[in-house]
Amino acid sequence: MLRTIAFITFAVLLSIWCSAQSNEKTDWPTYGNDSGGSRYSAAAQINRTNVGELKVAWTYRTGANDTPTKLIRKAAFEATPILVDGKLFLSTPYNHVIALEPGTGAKLWEYGPGVNLERNVSEVTSRGVSAWHDERAKPGAPCKLRIFIGTLDARLITVDGETGRPCMDFGANGTVDLNQDAATQTVWTGGYQVTSPPAIYRDLVIVGSSIADNWRVDTGRGIVRAFDARSGKLRWTWDPIPWAKDTKPRTGAGNAWGVFSVDAVHDLVFVPTGSAAPDYFGGIRKGDDKWADSVVALRASTGEFVWGFQVAHHDLWDYDVAAQPTLFTWKDGTPAIVINTKMGHVFVLNRLTGAPLLPVEERPVPQSDIAGEESSPTQPFSTISLVPEKFEAVDTWGPKPEDAKWCRDKIAVSRSEGIFTPPSLRGTVQAPGNVGGVNWGSAAYDPQEHLMIANTNRLVAWVKLIPRSEYASAMHKDQDNRIYGEFGDQEPAPYGLYRTFLFSPSRNISQALVL
């Protein structure tokens with residue numbers, strides 16, 4: 001995903017907001033405010049008539065930008081702070097957990113989990129922490145309020161919300177090692193991590209994983225696990241792709257790296273999953289690859305499968321479900337769920353059954369011309385699409401005529417047949433790209449107006465498969481980073497990968513081709 005490295009400051013207007021909301025609920029207790037990810041607040045003092053009068057109340061700097069580590073080139077501040085029991089809790093890209101006084105920004109405590117920053121890891125971010133109240137604990141007892149974080153080195157840690165000290169009765173001295181039974185690769189262990197806050201259901205903490213894309217077929221297992229919030233004992237495990245153990249080599253990933261949603265009334269947790277490995281060649285993982293690239297409803301108390309909806313069959317485009325599913329009530333009172341996707345497709349389903357509340361149609365899509373690949377003949381389409389689904393030569397632009405001509409020529413020699421055009425040896429224009437549509441930022445829902453509000457990405461990607469015999473010599477002919485070009489080994493598949501975004505020759509990100 002595209003990143004921002006502007007994480008060194010964290011400015012809020014919270015003191016103005018909180019001080020005058022005595023008659024309203026102003027906590028923000030989870031990543032999406034409520035467990036269904038609505039991102040909606042009923043606080044009404046700030047409105048369109050006075051928003052222009054807001055001033056910065058305080059600024060807090062995490063210090064992450066001053067940390068001496070090479071990982072800073074990949075680091076991103078992506079955390080949504082939570083406001084619980086009068087304290088603001090947030091995490092840094094290096095998994096430091098910080099508690100602040102919300103009225104002043106004064107630091108109350110900071111916990112550092114000791115992540116080895118000399119070690120190479122795939123992702124360097126944390127989207128936040130989760131909070132849980134232990135109703136059995138006496139008032140004032142240690143760890144009555146527990147703050148949970150998943151780390152870059154795949155640990156699940158809980159600390160006391162009052163002091164920041166580890167809750168020693170959880171796992172081993174406050175820590176559960178998530179690598180066990182999941183991080184199956186020993187060649188490089190930095191590809192198995194946790195980057196999103198875990199979900200909370202009653203006395204369970206439920207966590208997925210982030211698994212590095214495209215470097216191997218046999219990456220880590222994308223299992224979802226629930227642990228006892230007091231003891232850290234494993235309570236249940238769900239495997240999104242149980243068939244993977246029978247492929248040769250074993251297929252990895254299918255993991256849930258985004259934020260889960262919880263319906264506590266109906267004992268359901270909604271899990272958004274990503275692609276099975278590797279993203280751009282599926283000849284080893286034939287079939288639809290369920291339940292990768294899906295939202296799956298599990299019985300939150302047991303992990304039992306209830307229903308699943310797959311947004312992309314046999315994914316060849318890195319079309320993970322990145323956005324947190326949004327829970328809301330349909331116009332006839334039906335419990336509903338919205339699935340936002342990287343394709344820009346918006347699926348609205350019955351939350352209890354998975355049945356569509358708006359029509360879903362399977363349509364024919366372009367087919368692969370790669371030997372050994374069996375692409376899906378159809379893909380699901382919704383009645384709502386948030387971004388254009390094709391990019392053609394007439395859509396190109398640039399600061400100079402030669403920029404636009406370069407882009408037209410690039411399209412002319414590539415496969416470009418609209419959404420779901422498979423990767424190819426000559427290169428494929430992918431629109432929407434792998435960071436397109438609605439990504440991990442998710443959507444917001446206003447229950448008063450029955451409105452969904454979503455930010456969309458419209459970068460156009462360009463993907464090329466490289467035969468294994470040519471891959472070593474092809475590597476690093478273009479710049480190897482996630483914006484201007486990225487290679488993926490996809491070992492031991494017969495094809496490696498090069499992917500980038502369509503830029504004018506000046507390679508200025510402000511001149512990137514967008515839909």
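The values are calculated or read from the model by the stated rules, or taken from the named source; none is laboratory data. What you see is a predicted model, and the numbers here were worked out from it, not measured in a lab. Cβ: placed from backbone, ideal geometry, glycine included. Neighbour counts: every protein chain shown. Side chains are part of the model used for accessible areas, which takes the heavy atoms of the whole protein and leaves out ligands, DNA and RNA. Shrake-Rupley method; radii C 1.70, N 1.55, O 1.52, S 1.80 Å.
For the chain, the longest principal axis of the Cα atoms and the long axis of helix 401-412 meet at an angle of about 80 degrees. Farthest towards the positive end of the charge dipole of the chain, among the residues P139, F77, S414, is the Cα of F77, using unit charges on the Cβ of Lys, Arg, Asp and Glu.
Since only A154, I223, Y445 are under comparison, the one whose Cα sits farthest along the positive direction of the charge dipole of the chain, derived from C-beta charges on Lys, Arg, Asp and Glu, is A154.
Taking θ as phi - 60° and the Karplus parameters 6.51, -1.76 and 1.60, the scalar couplings of region 370-386 work out to 8, 4, x, 8, 10, 6, 5, x, 9, 9, x, 10, 9, 7, 10, 10, 8 Hz in sequence order, x denoting glycine and proline. Near S209, the amide H atoms lying under 5 Å from its own belong to A256, W257; only residues 5 or more places off or on other chains count, and H is placed 1.01 Å from N. Antiparallel versus total DSSP beta bridges in region 349-477: what percent is that, nearest 5? Around 90 percent of the beta bridges assigned by DSSP in region 349-477 are antiparallel ones. Here the peptides 268-280, 347-359, 204-216, 448-460 are ranked by packing, the mean other Cβ count within 10 Å, and the order with the highest first is 268-280, 204-216, 347-359, 448-460. Surface exposure of region 147-200, expressed per residue as accessible area with a 1.4 Å probe, stands at 34 Å². In the chain, the portion of solvent-accessible area held by carbon and sulfur atoms comes to 53 percent [1.4 Å probe, whole percent, DNA, RNA and ligands not counted]. Simple spin-label estimate for W330 and D177 gives 4.7 nm between the two label positions (7 Å along the Cα-to-Cβ direction from each Cα). Each peptide in 402-415, 31-44 gets a packing score, the mean of other Cβ atoms within 10 Å over its residues, and the list from highest to lowest is 31-44, 402-415.
Once you list every other residue whose beta carbon is under 14 Å from the beta carbon of I411, what net charge do they have if Lys and Arg are +1 and Asp and Glu are -1? Combined, the nearby Lys, Arg, Asp and Glu give +2. A cut-off of 5 Å between modelled amide H atoms, ignoring neighbours fewer than 5 places along the same chain, links E491 with R216, V217.
Mean residue ellipticity, 222 nm, helices only, the chain: the sum of -39500 (n - 2.57) across DSSP H runs of n ≥ 4, divided by residue count and rounded to 500, is -1500 deg cm²/dmol. Here region 143-226 carries DSSP beta bridges of which approximately 95% are antiparallel, counting only pairs with both residues inside. Extending 7 Å from the Cα toward the beta-carbon at both E135 and L234 defines two label points whose distance is 2.8 nm. Considering only A43, T396, F89, the residue lying farthest towards the positive end of the dipole of the chain is F89, judged by Cα position with unit charges set on Cβ. Averaged over residues, the count of other Cβ atoms within 10 Å places the peptides 91-101, 166-176, 384-394 in the sequence 91-101, 166-176, 384-394, highest first. Taking the Cβ of S375 as the centre, find all other residues whose Cβ is under 13 Å away and add up their charges (Lys, Arg: +1; Asp, Glu: -1). Cβ neighbours under 13 Å give a net charge of -4.
Charges were assigned to the Cβ only: +1 to each Lys and Arg, -1 to each Asp and Glu. The resulting dipole of the chain about its Cα centre is roughly 640 debye. Rolling a 1.4 Å probe over the heavy atoms of the protein chains gives region 338-468 an accessible area of 42 Å² per residue.
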